[in-house]
Amino acid sequence: MTDKKKLKHEEKFNETQASTKTMPMDGEQIEVKIEALQTQLAEAESKASEYKDGWARSQAEFQNYKKRIERDNELIYASMKADIIKKILPALDDLERALQNRPADDAWADGIELIARKLNNLLDSEGVKRIEVNGMVFDPHFHEAISHEPSIDLESGHIIAVVQNGYMLGERVIRHALVRVAK
């Protein structure tokens, strides 16, 4: 309570005390006084209940705010992580292409293979998984078709070959696999 409210409350209390001391009260006056006090008590209890409800709502809103901020921060972190990984993937693609055309028994090719393995291990440790596609049915959620070609070996709608690997971070596709699909 503020000082003014406290003073006002004390003045009322003192007036009530003074009026009860100077005049003797009969039964009817006592009943009126009791009713007034009961009314004041009910008002004070309702205000206390109102303040308690407001406080509880504020606490709940604050908890919800904290959870929302944590969730938003996790989403931002995952998004930033995915963006960085997207920038690394073309370099990994280049290394894999270099390894496919590698000369036999060449020391520098062994070094390139080691670098590619380290990058793959790094991606694995961050939860990045390669989307497996060979022989599977085309799924636009994971694959991007760059051509439709006739195939004797596979049914229509199955993937013939992978042009560029796709990757997922957890349950989120960060790069679709570029594939050739059977007609």
Mind listing whichever residues of segment 146-163 are outside any loop (DSSP other than H, G, I, E, B), surrounded by 16 or more Cβ atoms within 10 Å (Cβ to Cβ) and either of a type outside the set (A, V, I, L, M) or in contact with a Phe, Trp or Tyr (Cβ under 7 Å, 6 or more places away or on another chain) (or both)? His158, Ile159
Would you point out which residue out of Leu122, Leu95, Leu114 is among the aliphatic types (A, V, I, L, M), over 32 Å from the mean Cα position of the chain (by Cα) and loosely packed, with under 15 Cβ neighbours inside 10 Å? Leu114
Determine which single condition Ser46 fails, assuming it passes every other condition in (1) modelled with pLDDT of 90 or more; (2) exposed (fewer than 10 other Cβ atoms within 10 Å of the Cβ); (3) of a type in the set (S, T, N, Q). (2)
Inter-residue pairs, beta-carbon under 8 Å, first surrounded by 10 or more Cβ atoms within 10 Å (Cβ to Cβ) and in segment 69-87, second in a helix (DSSP H, G or I), 6+ apart: Ile85/Leu123
Does Ala109 count as touching a residue at least 12 places away in the same chain (Cβ under 8 Å), surrounded by 11 or more Cβ atoms within 10 Å (Cβ to Cβ) and either touching a helix residue (DSSP H, G or I) at 6+ places or on another chain (Cβ under 8 Å) or among the β-branched types (Val, Ile, Thr) (or both)? no
Among the candidates Lys21, Lys6, which residue alone is in a helix (DSSP H, G or I), basic (Lys, Arg), modelled with pLDDT under 95 and surrounded by 10 or more Cβ atoms within 10 Å (Cβ to Cβ)? Lys6
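The values are calculated or read from the model by the stated rules, or taken from the named source; none is laboratory data. Remember, it's a predicted structure, so these values are computed and weren't measured experimentally. With ideal geometry, Cβ positions are generated from the backbone for all residues, glycine too; neighbour counts draw on all protein chains shown.
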